[in-house]
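Read the structure below first, then the notes.
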Amino acid sequence: MTIRLRTHQKIHIQSSSDIFHLMQPILRRCSKRDRAREHFWILCLNAAQTVTHLELVGLGTQRSVQIDPKEVYHLALLKDACSIVAVHNHPSGRLKPSYADKVITKSLLAIGQFHNIKLLDHLIICEENYFSFMDEGLFEVLNSDASMVVSSALAAA
């Protein structure tokens, strides 16, 4: 589901805080029932790191949301994105990334390298706060793992 962005929402992303301040009101606009479910959004950015498109790519249960990385990058390619940001909420308010959160992030990093569309960050948000994979150093660890996956796949081809 595409979320129509107003002109003031098509912002230049400089930090995870910028992303959170864009996404927080969008999460709060969801009905109380929908806020009890995990959402997964993709922000598409141009070469200047300005948000050009925002799409809800998954709506799950209270504890999880299923995402196909292939569909994420299909959207990014259709929207001519130079980079993307992944954002999902944890209805529980617990901001610690799960094993599944790390696995999907690693997959998005690997496929992004293949398509030359960089995953800039992955945020877990709740109504009052957020967790950034990039800011917390997890992004670097997962990115190096993803690089090895891509290198191995290319060597095997």
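Points to keep in mind about this one:
- Remark on residue 36: its backbone amide H falls under 5 Å from none of the residues 5 or more positions apart or on other chains, H modelled at 1.01 Å from N.
- For the chain, DSSP calls about 70 percent of its internal beta bridges antiparallel.
- Per-residue 3J(HN,Hα) values for segment 41-54, derived from phi via the Karplus relation 6.51 cos²θ - 1.76 cosθ + 1.60 with θ = phi - 60°, read 10, 10, 9, 9, 10, 8, 5, 8, 6, 9, 5, 10, 7, 9 Hz in sequence order (x marks Gly and Pro).
- For the peptides 68-80, 24-36, 104-116, the ranking by mean Cβ contacts within 10 Å, running from highest to lowest, is 104-116, 68-80, 24-36.
- Each peptide among 90-101, 11-22 gets the average number of other Cβ atoms lying within 10 Å of its residues, and from highest to lowest they stand as 11-22, 90-101.
- Under-5 Å amide H pairs with residue 119, H placed in peptide plane, nonlocal only: 84
- The charge dipole of the chain, taken about the Cα centre with unit charges on the Cβ atoms of Lys, Arg (+1) and Asp, Glu (-1), comes to about 560 debye, rounded to the nearest 20.
Read-outs throughout are calculated quantities, based only on the coordinates presented, and are distinct from any laboratory measurement. Note that the structure is predicted; figures quoted are calculated from it, not measured. Neighbour counts are summed over all protein chains in view; Cβ atoms, including those assigned to glycine, are modelled from backbone coordinates with ideal geometry.
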